[in-house]
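Take a look at the structure set out below.
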Amino acid sequence: VESGASLPSPAAAGSIRKGAHIVIKGRPCKVLEMTTSKTGKHGHAKCHFTATDIFTGKKCEMLESSTHNCDVPNVHRAEYTLLDIDDDGFVSLMEESGDTKDDLSLPSGTDDSNKLAEDLKAAFDDGKDIIVTVLSAMNEEMIIAMRESK
């Protein structure tokens, strides 16, 4: 069943605010700053977005006419129980329904995500019950947080 979390939806550039999500160069990003320039001689106000990629943390910028539509990614968070971490760095997770999810690997790519991967391995090796938070948008998923289950 496709939840639609993969498809971005359109929104007018002028309606997107700081803290919202936007697609820049095909990547889901979180808006850090949005400035609007005044309408010029030929008519349209421009919106300047500064944002970070929600998966890689890379900074992105985009200039768009305020009346034009921008894509807004459908960002979803879900919590899973960590069942196993294999030698290749893939994790086995359990959904609330009891189904298992085996298609995710440990987070990597940035200092924060590498540290999270190490913390996850250490906590798992200690035999702790771990709940992970998975962020998904545009057919991409990544573990972004962990906590010990009570």
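Here Met138 fulfils each of the conditions (1) over 17 Å from the mean Cα position of the chain (by Cα); (2) at positive phi apart from (1).
The set of residues in the stretch 108-129 being open to solvent by less than 80 Å² (accessible area, probe 1.4 Å) and either in contact with a strand residue (DSSP E or B) (Cβ under 6 Å, 6 or more places away or on another chain) or basic (Lys, Arg) (or both) consists of Leu120, Ala123, Phe124. For Asp71, which of the numbered conditions (1) farther than 30 Å from Ser15 by Cα; (2) under 16 Å from the mean Cα position of the chain (by Cα) fails to hold? Evaluating Asp71 over (1) farther than 30 Å from Ser15 by Cα; (2) under 16 Å from the mean Cα position of the chain (by Cα) leaves (1) as the failure. Of all residues in the stretch 119-139, those being touching a Ser or Thr at 6+ places or on another chain (Cβ under 9 Å) and of a type outside the set (S, T, N, Q) number 7. Looking only at residues of the stretch 67-103 that are polar (S, T, N, Q) and open to solvent by 30 Å² or more (accessible area, probe 1.4 Å), we find that the one that is nearest to Thr133 (Cα to Cα) is Thr81. No other residue among Ser92, Ser108 is in a loop (DSSP other than H, G, I, E, B) and either out of contact with any His (no Cβ under 7 Å at 6 or more places or on another chain) or not aromatic (Phe, Trp, Tyr) (or both) apart from Ser108. Considering every residue within the stretch 114-135, establish whether at least one is in contact (Cβ under 8 Å) with a residue 12 or more places away in the chain and within 21 Å of Ile16 (Cα to Cα). Yes, because at least one residue in the stretch 114-135 is in contact (Cβ under 8 Å) with a residue 12 or more places away in the chain and within 21 Å of Ile16 (Cα to Cα). Meeting the requirement of 1 or more residues that are under 30 Å from Asp111 (Cβ atoms), the strands (runs of 3 or more DSSP E) wholly within the stretch 1-77 are 21-24, 27-36, 46-53, 59-65, 69-72.
Of all positions in the stretch 72-84, none carries a residue that is modelled with pLDDT under 90, over 18 Å from Gly19 (Cβ atoms) and touching a strand residue (DSSP E or B) at 6+ places or on another chain (Cβ under 8 Å).
Looking across the stretch 130-141, just one residue is open to solvent by 40 Å² or more (accessible area, probe 1.4 Å), touching a strand residue (DSSP E or B) at 6+ places or on another chain (Cβ under 6 Å) and in a strand (DSSP E or B), and that is Glu141. From the list Lys41, Lys18, the one residue that fits, being surrounded by 12 or more Cβ atoms within 10 Å (Cβ to Cβ) and among the basic types (Lys, Arg), is Lys18.
The values are calculated or read from the model by the stated rules, or taken from the named source; none is laboratory data. Note that the structure is predicted; figures quoted are calculated from it, not measured. Cβ coordinates were reconstructed from backbone atoms using ideal geometry, including for glycine residues, and neighbour counts include every protein chain displayed. These accessible areas exclude ligands, DNA and RNA; they are computed on the full protein's heavy atoms, side chains included. Shrake-Rupley method; radii C 1.70, N 1.55, O 1.52, S 1.80 Å.
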